[in-house]
Amino acid sequence: MRLISLSLAMLLIVSSSMAQHLTSAKLYMRYKDYDKAEASAMKATEKDPNEEEAWYVLGQVRYEMKKYPGMIEAFDKALALDQTHKSEISIMKYKIWADSYNAGVKYYNKGRDTADYFNTALDSLKVAIAALPESTGTYYVASLAYYGKKDYDGAIGMLNKSIEKDPQRTDPIRLLAQVHSQRAREKKEAKDDAGSKQELEKAASAYEKLYAAAPTDADNIISLIDVYERAEMGEKALNLTSKCVKTTPNNRVCRFAYGVYLLKKDQYAESIEQLKAMLDIEPENMDEMSKDATYNLGVANLNWGVKMKEDADHKAEQERKAKKKNVKEDLTYKEKFKSALPYLEKTAEIRKDDAALYAQLGKLYANLNMTKEAKAAFDTSDKIMKGK
């Protein structure tokens with residue numbers, strides 16, 4: 001009985017000591033003496049690491065002291081022991097997340113002018129992530145800050161976490177694809193062809209997910225095709241676009257993407273067929289994709305005409321070298337120039353500040369002997385350039 005009594009007495013002494021430190025911490029906090037409050041609360045946790053309230057009070061003190069990482073650590077230990085203060089902790093954590101997230105966004109925006117602010121942004125965003133780990137938007141903004149400072153590994157890590165939290169959110173997937181694509185360019189410039197190809201394959205994988213998540217977004221399929229071609233996956237690009245057209249012939253995005261793909265391959269007749277079919281599906285629709293299709297129809301006809309002219313000039317030169325008489329100039333290419341004209345004129349009505357487009361129109365008019373129109377187009381191009 002004597003041994004049991006001694007053990008009980010020692011337990012009471014330890015318990016009383018913890019309680020005293022906890023009471024002192026609360027008292028110091030009431031009078032806003034936070035340094036002493038933190039010291040007392042820490043002593044309380046040392047005396048009894050399994051006392052939930054001691055950790056909760058330590059978290060409260062650190063909240064007031066703006067020691068947010070330490071606050072989160074203390075609150076997490078309190079919640080691991082008991083859920084008594086779950087509601088209060090959630091409120092404080094959310095407040096810290098909101099303040100830290102907003103500060104992170106503010107410093108990220110400043111970082112676009114002064115790069116040093118990206119690090120300041122990340123300091124705040126890391127606190128926000130610790131306070132509210134389920135916030136996918138916080139990981140995304142952090143990835144932008146890493147990307148801004150060209151820390152691609154940091155950006156990729158944050159993007160993967162954001163995607164893991166919300167696989168349907170497209171912004172992180174798009175940026176992940178862009179980061180891998182950028183790394184591919186840099187590795188290519190550094191003569192690291194194998195590394196560049198690996199990055200392009202990762203970019204393609206991300207763009208595939210993006211296309212699957214938002215198949216009606218024309219930019220997604222166009223970006224995917226571009227990466228396929230850079231990664232020398234031309235067969236995949238062809239299969240993607242041609243299969244899309246075959247299975248859903250009235251899908252404007254598929255027609256547009258296939259037309260652009262064929263244009264890049266200099267298959268002008270086939271490209272024109274697809275782009276016209278795309279516009280015919282919704283002839284009254286003048287969204288951005290329709291505007292781009294109109295412009296690309298002009299480019300396809302123009303480039304086709306240029307190719308025809310080059311071939312005709314080469315043939316004529318060969319005939320002259322062979323000393324053939326009466327070598328006639330083949331002017332059939334002008335029909336393609338004429339076909340290009342209405343599409344590019346319509347585009348110019350939309351892109352009123354595009355100096356290069358007006359310069360191109362000027363050349364086209366000149367080739368068609370439309371002197372007055374050529375002068376007007378060149379004058380407009382010069383005016384736009386001087387105004388910039």
Check: Can you name the residue in region 135-162 that is under 24 Å from SER90 (Cα atoms) and either within 12 Å of the chain's Cα centre (by Cα) or among the hydroxyl-bearing types (Ser, Thr, Tyr) (or both) and is also most open to solvent (accessible area, probe 1.4 Å) among such residues?
Finding: TYR140
Check: Restricting attention to region 254-284, and to residues there that are among the hydrophobic types (A, V, I, L, M, F, W, C) and touching a Cys at 6+ places or on another chain (Cβ under 8 Å), which single residue is nearest to SER223 (Cα to Cα)?
Finding: ALA257
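Conditions tested, residue by residue: (1) hydrophobic (A, V, I, L, M, F, W, C); (2) open to solvent by 50 Å² or more (accessible area, probe 1.4 Å).
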{"site": "LEU275", "(1), (2)": "yes, no"}
{"site": "ASP280", "(1), (2)": "no, yes"}
{"site": "PRO283", "(1), (2)": "no, yes"}
{"site": "MET286", "(1), (2)": "yes, yes"}
{"site": "TYR295", "(1), (2)": "no, yes"}
{"site": "GLY305", "(1), (2)": "no, no"}
{"site": "GLU317", "(1), (2)": "no, yes"}
{"site": "LYS324", "(1), (2)": "no, yes"}
{"site": "LYS338", "(1), (2)": "no, yes"}
Next item on the list: Would you point out which residue out of ALA184, ALA269 is aliphatic (A, V, I, L, M) and either touching a residue at least 60 places away in the same chain (Cβ under 8 Å) or more than 30 Å from PRO283 (Cβ to Cβ) (or both)?
Entry: ALA184
Checklist line | Residue in region 52-106 that is surrounded by the fewest Cβ atoms within 10 Å (Cβ to Cβ), counting only those that are of a type in the set (Val, Ile, Thr) and farther than 12 Å from ALA41 by Cβ | finding: ILE91
Next item on the list: Report yes if THR84 is touching a helix residue (DSSP H, G or I) at 6+ places or on another chain (Cβ under 7 Å), within 22 Å of SER24 (Cβ to Cβ) and either part of a helix (DSSP H, G or I) or not hydrophobic (A, V, I, L, M, F, W, C) (or both), otherwise no.
Entry: yes
Next item on the list: Output the helices (runs of 4 or more DSSP H) that fall wholly within region 272-388 and possess 3 or more residues being under 30 Å from ASN251 (Cβ atoms), or say none.
Entry: 288-321, 333-350
Item checked: Check on TYR295, of a type in the set (Phe, Trp, Tyr) and more than 30 Å from LYS386 (Cα to Cα) -> no
Item checked: helices (runs of 4 or more DSSP H) lying entirely in region 147-215 (those with 1 or more residues that are among the polar types (S, T, N, Q) and closer than 22 Å to TYR108 by Cβ) -> 152-165, 170-189
Checklist line | Neighbours by Cβ (under 7 Å, 6+ apart or cross-chain): first from region 300-329, under 20 Å from GLN274 (Cβ atoms) and modelled with pLDDT of 90 or more; second part of a helix (DSSP H, G or I) and open to solvent by 80 Å² or more (accessible area, probe 1.4 Å) | finding: none
Item checked: Hits in region 340-353 - residues which are within 22 Å of GLN274 (Cβ to Cβ) and open to solvent by less than 90 Å² (accessible area, probe 1.4 Å) -> ALA340, LEU341, PRO342, TYR343, LEU344, GLU345, THR347, ILE350
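The values are calculated or read from the model by the stated rules, or taken from the named source; none is laboratory data. Just so it is clear, the structure is predicted and the values come from calculations on it, not from any experiment. Note that each Cβ is placed from the backbone with ideal geometry, even for glycine, and that neighbours are counted across all protein chains shown. For accessibility, only protein heavy atoms count, side chains too; no ligands or nucleic acids. Shrake-Rupley method; radii C 1.70, N 1.55, O 1.52, S 1.80 Å.
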